[in-house]
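The values are calculated or read from the model by the stated rules, or taken from the named source; none is laboratory data. Every value quoted in this text rests on a predicted model; they were computed, and no experiment measured them. Cβ sites come from the backbone with ideal geometry, for glycine too, and all protein chains shown count toward neighbours.
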Amino acid sequence: MIGMGILKGMAVTLRNFAGSYFEKDRLITVQYPEERSPLPENYRNFPFLIFDGNDPQAGLRCVACQICEKECPPQCIYITKSKDKKPDYIGKPQFYPAIFDIDISVCMSCQICVEVCPFEAIKMDKDFELSKRERFDNLLFRKEQLSKSNDYYHKIHPVEAAAVDKNLADAAAVAEAKKKAAAEAAAKAAAAKAAAAAAPTPVASPESTSS
Amino acid sequence: MSSRLDGELLEVSMGPQHPSTHGVFRMNVALEGEIVRKLKPVFGYLHRNHEQIGEHTSYLGSMPYTDRLDYFCSMTNNWAYALSVEKLAGIEVPERAEYLRVILAELTRLQNHASLLGFLLSDMGAWGTPLMYAFREREKILDLFESLSGSRMMCDYMRFGGCRVDVDEAWLGRAKEIVDRFPKFLDEFEELILQNEIVIARTQHVGKLSPELAITAGITGPMLRASGVNYDIRKVDGYGIYPRFKFRVPLGDHGDTYDRLMMRALEMRESIEILKQALPQIPAGPIVNPKVKLRAFRPPIGEAYGRIEAPKGELGFYLISDGGPNPYRYRVRPPSFINLTVLEDMCLGHVVADVMVILGSIDIVMGEVDR
């Protein structure tokens, strides 16, 4: 009978309409500004720079190696290397970015800068409410705006941040152990030398010749 | 023929801003009364120089740009590009990554076909309701993509020799749940539209595409299969690990708009079959080949063409490498652009209102047509 198909379709519409009051499966919208669905752990929006400690500029992990600048597909990162050096998290003197700008009106959130960064210095932010009154300067983020603390990173990506911290701690421990081993070796060598010098007769013992 | 204007044709420019032209696409239509006598597609409004950019950025740098080709199916675009680079450089992909790729590609197919059905009905005048039902289901799949890759549509998920992020058990559980519930939506959607007299009147015997013309014009994907040609790259090439899965290739009889509509509904059922096989089988292991360097990736000199069955048809990337950090030639074979070339042949002799329906059934995305 003609018209039955339409009526059947209408029944589906009715079922959906009534169901939207009872079934969670059929009503999936949230009233956005008041209600917010939680963002997933992996959500990414725009990059930011991580600093350790309390001083945003002194604690920046970025060493201005400019790898992200080179790898960025839309070329939205601009870095100028500093003239002087400052110690990083393992105490090694490193350069730091004198200028670090990201034009987020160009950035396409591809996360390649995060993947290529060897220093865990740049990560993806989750802040998406970024509307601005002016579209040129306000969307060009300077170093000061981009610097965010490690605690903030822990807040937005807890699992990932814990893994990163562990990696860095391991690297620092390895560096520390190396330093210690080097210091010990140096001390040992010095002691052996001193012992060799103090020995009255130049009869070569195997240890003193080897040192 | 009473409305003839002194024997002359009336030229109408449809688009590029008409809401149902699927983006910035223009058609110059010559009408005799209501009947289409000539149709000239005009594109290029969304041209972004994709291929030229691909020749100037590194191999890795092109990956996020491929998301923007067909922005409904970024996962399959990533896969096609990764596949051609892997062919070029001879990279092996770990088992787990292959499974992940199949799962994500089939989820992409589900959400693409679901939203296509919604758009097609919206083109026929069923504003809102079917489209919203389709988008509701699509949203669940996009949530999966978001929790995995960090972005709903611009996933940028695949890497050469694997994938970027690993999935956990919770994600697989959610995917299973969505796959299990999807047939319910399909049943409901089919009940909503397939027997609807208006849909039948608007689509049957409208926009017929003969198999001969479809083969000559290089049409691929569901549109070709709706004309009755058994050609599915998942079966023909067997790329990835598709030969391991059992699925059927649905074929149409008439090649009209109704067949193309049904083809999408049937393909979604087959995608669910593949997902049901792939999700429990996924093995443990690494997701990326550790030999592949992320930075300073330079494939050997040579050329490669990698193609996959994207939801819209054969998506291929042709790359020529001169040993440098960026490809010497980077060419995309976009399915929706080539499928669009037969638009005039399908529209001739139909009324102007059918043009929208026929265009909707081709399933184009302007990001891919114009590149």
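Before moving on, here are some points about what is shown:
- Where a residue in the stretch B:332-353 is closer than 14 Å to B:Pro222 by Cβ and its partner, wherever it lies, is polar (S, T, N, Q), with Cβ under 8 Å and at least six apart: B:Pro335/B:Thr220; B:Ile338/B:Thr220; B:Asn339/B:Thr220
- The one condition from (1) in a helix (DSSP H, G or I); (2) under 28 Å from A:Pro38 (Cβ atoms) that B:Glu188 does not meet is (2).
- When the stretch B:290-309 is limited to residues that are under 22 Å from B:Glu95 (Cβ atoms) and within 14 Å of chain A (Cβ to nearest Cβ), the one that is surrounded by the most Cβ atoms within 10 Å (Cβ to Cβ) turns out to be B:Val292.
- Taking the listed residues A:Ala172, A:Ala181, the one that is more than 14 Å from chain B (Cβ to nearest Cβ) and more than 29 Å from B:Asp166 (Cα to Cα) is A:Ala181, with no other qualifying.
- Top-ranked residue in the stretch A:143-173 [being touching a strand residue (DSSP E or B) at 6+ places or on another chain (Cβ under 6 Å) and among the charged types (D, E, K, R); ranked as nearest to A:Ile122 (Cα to Cα)]: A:Lys148
- Residue count for the stretch B:171-212, restricted to those that are among the acidic types (Asp, Glu), within 13 Å of A:Gly5 (Cβ to Cβ) and within 8 Å of another protein chain (Cβ to nearest Cβ): 2.
- Scanning the stretch B:191-214 for residues that are part of a helix (DSSP H, G or I), under 25 Å from A:Arg15 (Cβ atoms) and without any contact (Cβ under 8 Å) to a residue 12 or more places away in the chain turns up B:Glu191, B:Glu197, B:Ala201.
- Counting the residues of the stretch B:250-276 that are assigned to a loop (DSSP other than H, G, I, E, B) and of a type outside the set (D, E, K, R) gives 5.
- If you go through the stretch B:215-234 and keep only what is under 17 Å from the mean Cα position of the chain (by Cα) and in a helix (DSSP H, G or I), you end up with B:Pro222, B:Met223, B:Leu224, B:Arg225, B:Ala226, B:Ile233, B:Arg234.
- Pairs linking a residue in the stretch A:58-77 that is under 15 Å from B:Pro64 (Cβ atoms) to a residue that is of a type in the set (D, E, K, R), with Cβ atoms under 6 Å and 6 or more positions apart or on different chains, are A:Cys76/A:Asp103; A:Ile77/A:Glu69.
- Qualifying residues in the stretch B:43-58 (those that are hydrophobic (A, V, I, L, M, F, W, C) and more than 10 Å from chain A (Cβ to nearest Cβ)) - the one farthest from B:Gly23 (Cα to Cα): B:Phe43
- Any hit, the stretch B:137-148, residues being more than 20 Å from B:Ile364 (Cα to Cα), of a type in the set (Gly, Ala, Ser), facing another protein chain (nearest Cβ under 10 Å) and assigned to a loop (DSSP other than H, G, I, E, B): no
- Residue tally, condition over 24 Å from A:Leu139 (Cα atoms) and either surrounded by 16 or more Cβ atoms within 10 Å (Cβ to Cβ) or among the charged types (D, E, K, R) (or both), over the stretch A:28-54: 6
- Residues that are crowded, with 22+ Cβ neighbours inside 10 Å and of a type in the set (A, V, I, L, M) within the stretch B:109-140 comprise B:Leu110, B:Ala114, B:Leu116, B:Leu117, B:Leu120, B:Leu121, B:Met124, B:Ala134, listed in sequence order.
- Matching residues, the stretch B:258-300, being β-branched (Val, Ile, Thr), in contact with a Leu (Cβ under 8 Å, 6 or more places away or on another chain) and farther than 12 Å from B:Tyr99 by Cα: B:Ile272
- Qualifying strands (runs of 3 or more DSSP E) (wholly inside the stretch A:1-111; at least 3 residues being hydrophobic (A, V, I, L, M, F, W, C) and either within 14 Å of another protein chain (Cβ to nearest Cβ) or under 30 Å from A:Val164 (Cα atoms) (or both)): A:47-51, A:97-103
- Enumeration of residues in the stretch B:122-136 that are assigned to a helix (DSSP H, G or I), more than 10 Å from every other protein chain (Cβ to nearest Cβ) and over 18 Å from the mean Cα position of the chain (by Cα): B:Ser122, B:Asp123
- Every residue from the stretch B:199-218 that is loosely packed, with under 14 Cβ neighbours inside 10 Å, farther than 15 Å from B:Thr257 by Cα and not β-branched (Val, Ile, Thr): B:Glu212
- When restricted to residues that are acidic (Asp, Glu) and either at pLDDT 85 or above or loosely packed, with under 14 Cβ neighbours inside 10 Å (or both), the stretch A:148-184 contains 4.
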